[in-house]
Every structure is written in structure tokens, then in C-alpha cells.
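Participant: Handing you this structure, nothing more for now.
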Amino acid sequence: MGAHYEDVAQAWYVSHGFTIIARNLRVGRLEIDLIVSDPAAIIFVEVKGGNPDLFGHPAYRVDKRKRERLIRAAQNWLSENPSDGRDVRFDVFVVTASRAGDRIERYENAISVDDSL
């Protein structure tokens, strides 16, 4: 199901005018689900999904360890791909599945670099 959730996230970002830079990018032993951009920012996106009735809200799975790994991966990527003066932020994109269909929640700037300290 992870690929489905990433498909939904990618489609949302494209439909809202963002450019996809990379998907499922491996940076050493770390992974970034999506990297998207617009003229003002480069956005590293962590995608989570699932049925909140069964496993709790998917956003809760973006724990401290996951945030630290995403920040480290982004720092490594940025060391080889400068942001060209654009802002850098971290979004969490959640797809909650139910019989009624997918529900999308996007948490813009959800992770702070201070989370890795």
C-alpha cells in the first residue's frame, strides 16, 4: 500500500503546481519518500498512510527516530544539490484509507531541523 500512498501524494503535489525532483530516493542507507519543489522552496516529504481505526493515525508513526533520519537524508542530499537560495522544509503527507475512500492531510513544515538535536 505504500506505493499507493506515494502515488496519491505525488499526484496531489503535481496538481498543485509542484515539481517532482525525486521519489523513493536512497541517500546511503536512508530514504526520502518524495522531494518536490516550487520556485520558493525545496520540500522533503514523508508519506504515511493507513486505516486510523486499526493502527492509529498514520502521522503518529513519524516519530523522533524517523524525523532524525529524514533530516539527515535531506542534509546529505542538499550537500550535493544546493537549494539555490530557496527555503527548505519538511512536510508530512498522510493518506487515511477507509471504505469511503482516501482522505488526504498535508502537514506543511511539520518537522523542524531542531528535531534532530
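The values are calculated or read from the model by the stated rules, or taken from the named source; none is laboratory data. All figures in this text were calculated on a predicted structure; none of them were measured in a lab. Ideal geometry is used to build each Cβ from the backbone, glycine not excepted, and the neighbour counts take in all protein chains shown.
Participant: Residue by residue through segment 12-39, note down the ones that are of a type in the set (Gly, Ala, Ser) and either surrounded by 14 or more Cβ atoms within 10 Å (Cβ to Cβ) or modelled with pLDDT of 95 or more (or both).
Facilitator: Passing the criteria: Ser15, Gly17, Ala22, Ser37.
Participant: Report, by residue number, each residue of segment 40-66 that is at pLDDT 90 or above and surrounded by 20 or more Cβ atoms within 10 Å (Cβ to Cβ).
Facilitator: Result: Ile42, Ile43, Phe44, Val45, Glu46, Val47, Lys48.
Participant: Then there is this: May I ask you to list the residues in segment 61-117 that are acidic (Asp, Glu) and touching a helix residue (DSSP H, G or I) at 6+ places or on another chain (Cβ under 7 Å)?
Facilitator: Scanning segment 61-117 gives Glu68, Asp102, Asp115.
Participant: Another question, then. Specify which of the listed residues (Val94, Val36, Val88, Val45) is assigned to a strand (DSSP E or B) and touching a Leu at 6+ places or on another chain (Cβ under 6 Å).
Facilitator: Every option except Val45 fails the conditions.
Participant: Can you pull out the residues in segment 69-100 that are farther than 22 Å from Asp38 by Cβ, over 13 Å from the mean Cα position of the chain (by Cα) and of a type in the set (D, E, K, R)?
Facilitator: Arg72, Arg99
Participant: What tally of residues in segment 75-84 results from selecting those that are modelled with pLDDT of 90 or more and either surrounded by 12 or more Cβ atoms within 10 Å (Cβ to Cβ) or on the phi > 0 side of the Ramachandran plot (or both)?
Facilitator: 5
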